[in-house]
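Engineer: Have a look at the structure that comes next, please.
The values are calculated or read from the model by the stated rules, or taken from the named source; none is laboratory data. From a predicted model like this one, the values you see are computed outputs, not experimental measurements. No Cβ is skipped: glycine too gets one built from the backbone with ideal geometry, and neighbour counts run over all protein chains shown. Accessible surface is based on the protein model in full, side chains and every heavy atom, while ligands, DNA and RNA are left aside. Shrake-Rupley method; radii C 1.70, N 1.55, O 1.52, S 1.80 Å.
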Amino acid sequence: MGGTNMTQDELAKHFKNTFQICTFVLQDETGHLMLAPYGIAKHREAGQTTPIKERMLDYWAEAEQIYSASGMTFDGHEVIDLVEDMIMSVDEYKKAS
């Protein structure tokens, strides 16, 4: 398997040009928040007239399968929001909302 000669900055730029980075905000019954980042391929969004946020549960179904395949589960959590950016902490999310 071959590698890439891209620098980390070039790779980050390529990723940002290819994907819309979003963060799902999940909440459990106690009010505990959890963040789950997800990259939505920009070509899938071309021509869409409905905002991503209105289709977030469709994207969450995909993301949850990917997370589940890698051993992460979100039992007892439900999606309450989708931020069209990378959110690194619950505090950051709370400050922005």
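Engineer: Looking only at segment 1-43, count how many residues are at pLDDT 90 or above and open to solvent by 80 Å² or more (accessible area, probe 1.4 Å).
Structural biologist: Of the residues in that region, 5 qualify.
Engineer: Give the residues of segment 20-62 that are over 10 Å from the mean Cα position of the chain (by Cα), closer than 21 Å to residue 89 by Cβ and of a type outside the set (Val, Ile, Thr), sorted by residue number.
Structural biologist: The answer is 26, 27, 28, 31, 32, 33, 34, 53.
Engineer: If the Cβ limit is 9 Å and pairs must be 6+ apart or interchain, which residue in segment 86-97 that is farther than 13 Å from residue 24 by Cα pairs with which residue that is among the charged types (D, E, K, R) and open to solvent by less than 80 Å² (accessible area, probe 1.4 Å)?
Structural biologist: Listed pairs, sorted by first residue: 97/81.
Engineer: In segment 62-74, which residues are open to solvent by less than 50 Å² (accessible area, probe 1.4 Å) and free of Cβ contacts under 8 Å to residues at least 40 places away in the same chain?
Structural biologist: 63, 67
Engineer: Here's something else I'd like to know. Name the pairs whose Cβ atoms lie under 8 Å apart, with the first residue in segment 44-56 and closer than 18 Å to residue 85 by Cα, the second among the aromatic types (Phe, Trp, Tyr), and 6 or more positions between them or separate chains?
Structural biologist: If the second residue must be among the aromatic types (Phe, Trp, Tyr), the pairs left are 52/59; 56/24.
Engineer: For segment 47-60, state whether one or more residues are of a type in the set (Gly, Ala, Ser) and surrounded by 12 or more Cβ atoms within 10 Å (Cβ to Cβ).
Structural biologist: Looking through segment 47-60, none of the residues is of a type in the set (Gly, Ala, Ser) and surrounded by 12 or more Cβ atoms within 10 Å (Cβ to Cβ).
Engineer: Checking residue 26 against (1) farther than 18 Å from residue 67 by Cβ; (2) touching a residue at least 40 places away in the same chain (Cβ under 8 Å), only one condition comes out false. Which one?
Structural biologist: Looking at each condition in turn, residue 26 falls short on (1).
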